[in-house]
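Asker: Okay, handing you the structure first.
The values are calculated or read from the model by the stated rules, or taken from the named source; none is laboratory data. Small disclaimer: the values here were computed from a predicted structure and weren't measured. We place every Cβ from the backbone using ideal geometry, glycine too, and count neighbours over all the protein chains shown.
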Amino acid sequence: MTKWLAPKHHWYKLNFDGSAQNTCQAGGGIIHDHMGNTVAAYAGNLKNHIVTQAEGMDLLWGLKFSNSIGIKQLQIGGDSQIIVETVSGRSTAGWKVDSILRDVRILMDNLDGFTT
(Lines give C-alpha, C1' and ligand atoms only; values in the text may rest on other atoms or scores of the structure.)
Protein backbone atom coordinates (compact mmCIF):
# COMPACT_ATOMS: atom_id res chain seq x y z
CA MET A 1 0.00 0.00 0.00
CA THR A 2 1.32 3.42 -0.97
CA LYS A 3 0.64 6.43 1.21
CA TRP A 4 1.25 10.07 0.38
CA LEU A 5 3.27 11.87 3.05
CA ALA A 6 3.16 15.62 3.51
CA PRO A 7 6.39 17.62 3.32
CA LYS A 8 8.05 19.26 6.31
CA HIS A 9 6.51 22.36 7.88
CA HIS A 10 6.77 25.38 5.51
CA TRP A 11 7.93 23.14 2.65
CA TYR A 12 6.06 22.18 -0.51
CA LYS A 13 5.87 18.86 -2.28
CA LEU A 14 5.91 18.40 -6.04
CA ASN A 15 4.68 15.04 -7.34
CA PHE A 16 5.11 14.57 -11.08
CA ASP A 17 4.42 11.81 -13.59
CA GLY A 18 4.85 11.35 -17.32
CA SER A 19 3.69 8.77 -19.80
CA ALA A 20 4.72 7.81 -23.31
CA GLN A 21 2.93 5.09 -25.25
CA ASN A 22 3.04 4.76 -29.02
CA THR A 23 2.16 8.22 -30.37
CA CYS A 24 0.72 9.66 -27.14
CA GLN A 25 2.99 11.42 -24.64
CA ALA A 26 1.63 13.41 -21.73
CA GLY A 27 2.30 14.30 -18.14
CA GLY A 28 1.65 16.57 -15.25
CA GLY A 29 2.08 17.19 -11.59
CA ILE A 30 0.66 18.61 -8.42
CA ILE A 31 2.12 20.83 -5.71
CA HIS A 32 0.93 20.58 -2.09
CA ASP A 33 1.80 22.60 0.98
CA HIS A 34 2.79 21.06 4.33
CA MET A 35 -0.88 20.80 5.32
CA GLY A 36 -1.69 18.73 2.22
CA ASN A 37 -3.54 21.56 0.49
CA THR A 38 -3.23 21.71 -3.27
CA VAL A 39 -1.31 24.82 -4.31
CA ALA A 40 -1.19 24.09 -8.04
CA ALA A 41 -1.67 21.36 -10.61
CA TYR A 42 -0.57 21.18 -14.21
CA ALA A 43 -0.80 18.82 -17.17
CA GLY A 44 0.15 18.87 -20.80
CA ASN A 45 0.76 16.96 -23.99
CA LEU A 46 4.26 16.18 -25.17
CA LYS A 47 5.40 15.25 -28.64
CA ASN A 48 8.15 12.87 -29.72
CA HIS A 49 9.44 12.02 -26.26
CA ILE A 50 10.43 8.72 -24.70
CA VAL A 51 9.03 8.09 -21.23
CA THR A 52 12.19 9.27 -19.43
CA GLN A 53 12.06 12.53 -21.38
CA ALA A 54 8.36 12.90 -20.51
CA GLU A 55 9.14 12.41 -16.82
CA GLY A 56 11.96 14.96 -17.03
CA MET A 57 9.73 17.50 -18.78
CA ASP A 58 7.08 17.07 -16.09
CA LEU A 59 9.64 17.81 -13.41
CA LEU A 60 10.90 20.80 -15.39
CA TRP A 61 7.35 22.19 -15.73
CA GLY A 62 6.80 21.75 -11.98
CA LEU A 63 10.03 23.51 -11.11
CA LYS A 64 9.25 26.38 -13.48
CA PHE A 65 5.84 26.82 -11.88
CA SER A 66 7.25 26.50 -8.34
CA ASN A 67 9.85 29.11 -9.17
CA SER A 68 7.24 31.47 -10.64
CA ILE A 69 5.20 31.49 -7.42
CA GLY A 70 8.22 31.89 -5.15
CA ILE A 71 8.54 28.42 -3.63
CA LYS A 72 12.02 28.06 -2.08
CA GLN A 73 11.84 24.74 -0.20
CA LEU A 74 10.64 21.79 -2.23
CA GLN A 75 10.35 18.06 -1.82
CA ILE A 76 10.31 16.30 -5.20
CA GLY A 77 8.63 12.97 -5.86
CA GLY A 78 8.02 10.95 -8.97
CA ASP A 79 7.86 7.35 -10.06
CA SER A 80 10.81 7.62 -12.45
CA GLN A 81 13.71 6.27 -10.45
CA ILE A 82 16.29 7.47 -12.98
CA ILE A 83 14.99 11.08 -12.90
CA VAL A 84 14.72 11.22 -9.08
CA GLU A 85 18.19 9.65 -8.62
CA THR A 86 19.75 11.93 -11.23
CA VAL A 87 18.45 15.16 -9.64
CA SER A 88 19.60 13.81 -6.26
CA GLY A 89 23.11 13.26 -7.64
CA ARG A 90 22.99 9.48 -7.17
CA SER A 91 22.86 8.55 -10.86
CA THR A 92 23.16 9.87 -14.39
CA ALA A 93 20.63 9.82 -17.19
CA GLY A 94 21.22 9.17 -20.87
CA TRP A 95 21.98 11.78 -23.49
CA LYS A 96 18.33 12.05 -24.54
CA VAL A 97 17.48 13.52 -21.15
CA ASP A 98 20.65 15.51 -20.43
CA SER A 99 19.43 18.85 -21.83
CA ILE A 100 16.16 18.62 -19.89
CA LEU A 101 17.96 17.79 -16.65
CA ARG A 102 20.46 20.61 -17.22
CA ASP A 103 17.50 23.01 -17.17
CA VAL A 104 16.11 21.21 -14.10
CA ARG A 105 19.41 21.74 -12.25
CA ILE A 106 19.44 25.45 -13.13
CA LEU A 107 15.97 25.88 -11.61
CA MET A 108 16.92 23.79 -8.58
CA ASP A 109 19.78 26.23 -7.92
CA ASN A 110 17.05 28.84 -7.19
CA LEU A 111 15.76 26.76 -4.27
CA ASP A 112 16.99 27.27 -0.71
CA GLY A 113 16.44 23.56 -0.10
CA PHE A 114 15.21 20.44 -1.83
CA THR A 115 14.83 16.78 -1.06
CA THR A 116 13.56 13.73 -2.87
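Asker: Residues of the range 34-55 being in contact (Cβ under 8 Å) with a residue 24 or more places away in the chain, closer than 26 Å to Arg102 by Cα and not aliphatic (A, V, I, L, M), which ones?
Answerer: His49, Thr52, Gln53, Glu55
Asker: Could you check Ala54 against (1) more than 14 Å from Leu14 (Cβ to Cβ); (2) modelled with pLDDT under 80 and say which number it fails?
Answerer: Here Ala54 meets the rest and fails (2).
Asker: For the range 1-38, give me each residue that is over 20 Å from Trp61 (Cα atoms) and of a type in the set (A, V, I, L, M).
Answerer: Result: Met1, Leu5, Ala6, Met35.
Asker: In addition: Could you list all residues from the range 56-78 that are touching a His at 6+ places or on another chain (Cβ under 7 Å) and touching a residue at least 60 places away in the same chain (Cβ under 8 Å)?
Answerer: The answer is Gln73, and nothing else.
Asker: Right, another one. Report the residue count in the range 64-73 for those that are touching a strand residue (DSSP E or B) at 6+ places or on another chain (Cβ under 7 Å), surrounded by fewer than 21 Cβ atoms within 10 Å (Cβ to Cβ) and assigned to a helix (DSSP H, G or I).
Answerer: 1
Asker: Now for a separate question. Scan the range 39-89 for residues that are over 24 Å from Ala6 (Cβ atoms) and of a type outside the set (Val, Ile, Thr) and jot them down.
Answerer: Of everything in the range 39-89, those that are over 24 Å from Ala6 (Cβ atoms) and of a type outside the set (Val, Ile, Thr) turn out to be Gly44, Asn45, Leu46, Lys47, Asn48, His49, Gln53, Ala54, Gly56, Met57, Gly89.
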